[in-house]
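The structure appears right after this line, and notes come after that.
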Amino acid sequence: MSLDSSYLTYPMRREGMDHDLYPPSPMPRRKPVVWPNGKAVAVTLFVNLEWFPITPEDKSFRAPGHMVTPYPDFRHYTAREYGTRVGFYRLLDAFAKVDARATIAMNAAVADRYPSIVSDVAAAGHEIIAHSTDMNGTIAGNLSESEERALIHAARDTLTAAIGTAPRGWQSIARSQSWNTPRLLAEAGFDYMCDWVNDDLPYMVATSAGPIASVPFNHELSDRQMIAVQQQSMDSVAQQLDDALGWLKQESARYGAGRVLPFTMTPYITGLPYRMDAFEALLGRIASDDATWFATAGDLVDAWKPQAG
Amino acid sequence: MREGEKDPGLYDFRPYRDRAKIEWPDGKKVAVWVSPNLEFYEIDPPANLHRKSWTKPHPDIVPYGHRDYANRIGHWRLAEVMEKHGFKGSVSLSVALCQHHPEVVADASALGWEFFSHGIYNTRYCYGMDEAQERAVIEDSIRTVREATGQRIKGWLAPALTHTPRTLDLIAEYGMTYTCDLYHDDQPAPVHVRSGKLISMPYSIEVNDHYGFFVYNMSPREYADTLIRQYERLAAEGEENGTVMCIPLHSYLIGQPHRIGPFEEVLRHIAADDRAWITRSGDIADHFLSSGAYDAVAADCARYKQGDAA
């Protein structure tokens, strides 16, 4: 079947991007960013703290990690809960050992169901960012604007009530957005989103409801991608992060500019007994390196924004 | 090609023994070319019935953003490492990148990299195109690269590896000398086309970084080790008869901070080994055509023809 002639027209073939969210920004053209105390690399630890209803809804798409078997899927429902009850506490203890502050992207349902988790996170000084309502709360281009707005507001309001202050940041499930998401997040008062994987540094995104920062987030540097999808070991993950840190330190020295190393953990993946020793050893190496700074998403934005030119 | 037939008739059979000897300049054993894909993927491309661009409803921002990483970060990191070790790129170019990111194209051009076409966008597929449409894509490619870089493209890698039965005949008719779309050999060889002279340039899907990381799920160090093994074997075999090793890359993959360090060790290894002719695809094609190798290989093929064709 032959193609319509419109297939060879390119209405967005122009200098710059094929959308208006942000302009191109080749790395060599950037003004160097400096982190507090002259640290070379901000290490941003993200945890996805999720609650999977045993009744998936598949509205936009089924979230990664969601139910697999015919109802009732005890296997996956409970294995995810294991992450929240057990694995997450192993991670909290591991962070405490090295005095690391992390960013916890939390489903509002977690705050609602397990308020003690919110106080434990707050007591440890970690930052909570909004991570939708629960794992049925996926967003994609086929979600209506009103449904998406309702979902964003529900997550924000539930977390605000649980934390006592409004979360400043947002991360979508599977980092999936619609055309409206950046605008709806700006409109809902969020300062930053952690969904775009196109950069190593923060940058500003323009929307008709005002600007919102994009916090660098690397979907490849995550236990889901490396361990659950690519079936690599925690030893291999740790080596890859060591290599990344080494490279970024060298780059930072060469260009006199701060760099960011993000890593995302899922409590039911990293928080298993046989993976924790290698993970804690990795955290220990990062913590004992003078070039590093454990930053939350908010710390990173606050350090970067005054320098953004 | 012979459309609709069981054997598309792209090239002749020639086993990997008793071959006419291919000699590379200065007695080198293996021609090594590095092929960064400089691409642009659209956030909202039109539908092609034969292939979907993105998995999720548009905008599918994770894979889109991943590829955008190349033009913001990855290219600059990869280009610096390649230049440091003396590797000029042979670029498979989404030619619309000349419009979207002229700085990336200008940088590659200033480094002395060669450009060949990888279509207009990597989200516009050739499946379903009629001849006039396919000619328009080829003419657009030639014109756009000439205007942006002054280079006349010599080669082709179909956008997202989407071909039609006409593609090879058409690119040869437009004067191109090599295709990177055929994966049947570790040495160049003639391709049957209606007019002109076209050769198959060994490109290797197997050691493409996308395959390494997302088909074989290798760690960066495993991938680096794979490339070194590939190099060592082809260099050793090249003692008898010159071979080609291509390293096809995407800077949104290899240019990530956890991968570029191990990859730099591969370039260091090859650059330090005097068996390698570190070159560009167009230079390999020029040498193959001008040194008599094309005719010698064609004569080789004739020895294996059967029946009336002999």
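Observations
- Residue check, A:VAL47 part of a strand (DSSP E or B) and over 26 Å from B:GLY74 (Cβ atoms): yes
- Check on B:GLY74, touching a residue at least 60 places away in the same chain (Cβ under 8 Å), part of a helix (DSSP H, G or I) and more than 16 Å from the chain's Cα centre (by Cα): yes
- Breaking point among (1) in contact with a helix residue (DSSP H, G or I) (Cβ under 6 Å, 6 or more places away or on another chain); (2) within 14 Å of chain A (Cβ to nearest Cβ), for B:SER195: (2)
- Among the residues here, A:ALA154 does not qualify as of a type in the set (A, V, I, L, M, F, W, C), touching a residue at least 12 places away in the same chain (Cβ under 8 Å) and more than 22 Å from A:PRO64 (Cα to Cα).
- Comparison of B:TYR183, B:TYR121 shows that the only residue that is within 13 Å of chain A (Cβ to nearest Cβ) and of a type in the set (Ser, Thr, Tyr) is B:TYR121.
- Test result for A:GLY169, free of Cβ contacts under 8 Å to residues at least 40 places away in the same chain and either among the small types (Gly, Ala, Ser) or closer than 23 Å to B:GLY65 by Cβ (or both): no
- Restricting attention to the stretch A:224-266, the residues that are within 11 Å of chain B (Cβ to nearest Cβ) and part of a strand (DSSP E or B) add up to 5.
- The sole residue among A:VAL98, A:VAL110 that is buried (at least 17 other Cβ atoms within 10 Å of the Cβ), in contact (Cβ under 8 Å) with a residue 60 or more places away in the chain and of a type in the set (A, V, I, L, M, F, W, C) is A:VAL110.
- Of the set (1) crowded, with 22+ Cβ neighbours inside 10 Å; (2) assigned to a helix (DSSP H, G or I); (3) out of contact with any Lys or Arg (no Cβ under 9 Å at 6 or more places or on another chain); (4) more than 10 Å from chain A (Cβ to nearest Cβ), all apply to B:VAL145 but (3).
- Test set (1) within 14 Å of chain B (Cβ to nearest Cβ); (2) surrounded by 18 or more Cβ atoms within 10 Å (Cβ to Cβ); (3) of a type in the set (S, T, N, Q) - A:THR9 fails condition number: (2)
- Residue check, A:ALA105 buried (at least 20 other Cβ atoms within 10 Å of the Cβ) and either part of a loop (DSSP other than H, G, I, E, B) or touching a strand residue (DSSP E or B) at 6+ places or on another chain (Cβ under 7 Å) (or both): yes
- Residue identified as over 17 Å from the mean Cα position of the chain (by Cα), within 13 Å of chain B (Cβ to nearest Cβ), surrounded by fewer than 22 Cβ atoms within 10 Å (Cβ to Cβ) and touching a residue at least 60 places away in the same chain (Cβ under 8 Å) among A:ASN142, A:ASN180: A:ASN142
- Some residue of the stretch B:50-70 being in contact with a Ser or Thr (Cβ under 9 Å, 6 or more places away or on another chain), over 30 Å from A:LYS59 (Cα atoms) and not in a strand (DSSP E or B): yes
- Residue in the stretch B:83-93 that is within 21 Å of the chain's Cα centre (by Cα), within 12 Å of another protein chain (Cβ to nearest Cβ) and crowded, with 24+ Cβ neighbours inside 10 Å present: no
- Counting the residues of the stretch A:186-211 that are under 28 Å from A:VAL41 (Cα atoms) and within 14 Å of another protein chain (Cβ to nearest Cβ) gives 13.
- Within the stretch A:225-236, considering residues that are touching a residue at least 24 places away in the same chain (Cβ under 8 Å) and buried (at least 19 other Cβ atoms within 10 Å of the Cβ), the one nearest to A:ASP277 (Cα to Cα): A:MET234
- Matching residues, the stretch B:127-142, being more than 9 Å from every other protein chain (Cβ to nearest Cβ), surrounded by fewer than 24 Cβ atoms within 10 Å (Cβ to Cβ) and not β-branched (Val, Ile, Thr): B:GLU131, B:ALA132, B:GLU134, B:ARG135, B:GLU139
- Filter pass, A:THR103 being of a type in the set (Val, Ile, Thr), away from chain B (no Cβ under 14 Å) and farther than 30 Å from A:LEU201 by Cα: no
- For B:THR164, the conditions (1) part of a loop (DSSP other than H, G, I, E, B); (2) surrounded by 15 or more Cβ atoms within 10 Å (Cβ to Cβ); (3) away from every other protein chain (no Cβ under 14 Å); (4) of a type in the set (Val, Ile, Thr) all hold with the exception of (3).
- In the stretch B:149-161, the residues that are hydrophobic (A, V, I, L, M, F, W, C) and either surrounded by fewer than 19 Cβ atoms within 10 Å (Cβ to Cβ) or under 21 Å from B:PRO188 (Cβ atoms) (or both): B:ILE153, B:TRP156, B:LEU157, B:ALA158, B:LEU161
- Subset of the stretch B:98-110 that is part of a helix (DSSP H, G or I) and at the interface with chain A (Cβ under 10 Å from one of its Cβ atoms) - its residue that is nearest to B:GLY150 (Cα to Cα): B:CYS98
- The set of residues in the stretch A:286-309 that are in contact (Cβ under 8 Å) with a residue 12 or more places away in the chain, exposed (fewer than 15 other Cβ atoms within 10 Å of the Cβ) and assigned to a helix (DSSP H, G or I) comprises A:LYS305, A:GLN307.
- Residue that is farthest from A:ALA42 (Cα to Cα), among those in the stretch A:255-275 that are under 21 Å from the mean Cα position of the chain (by Cα) and hydrophobic (A, V, I, L, M, F, W, C): A:LEU272
Values quoted throughout were computed directly from the atomic coordinates according to the rules given, and no laboratory measurement underlies them. The structure displayed is predicted, hence computed values, not measured ones. We place every Cβ from the backbone using ideal geometry, glycine too, and count neighbours over all the protein chains shown.
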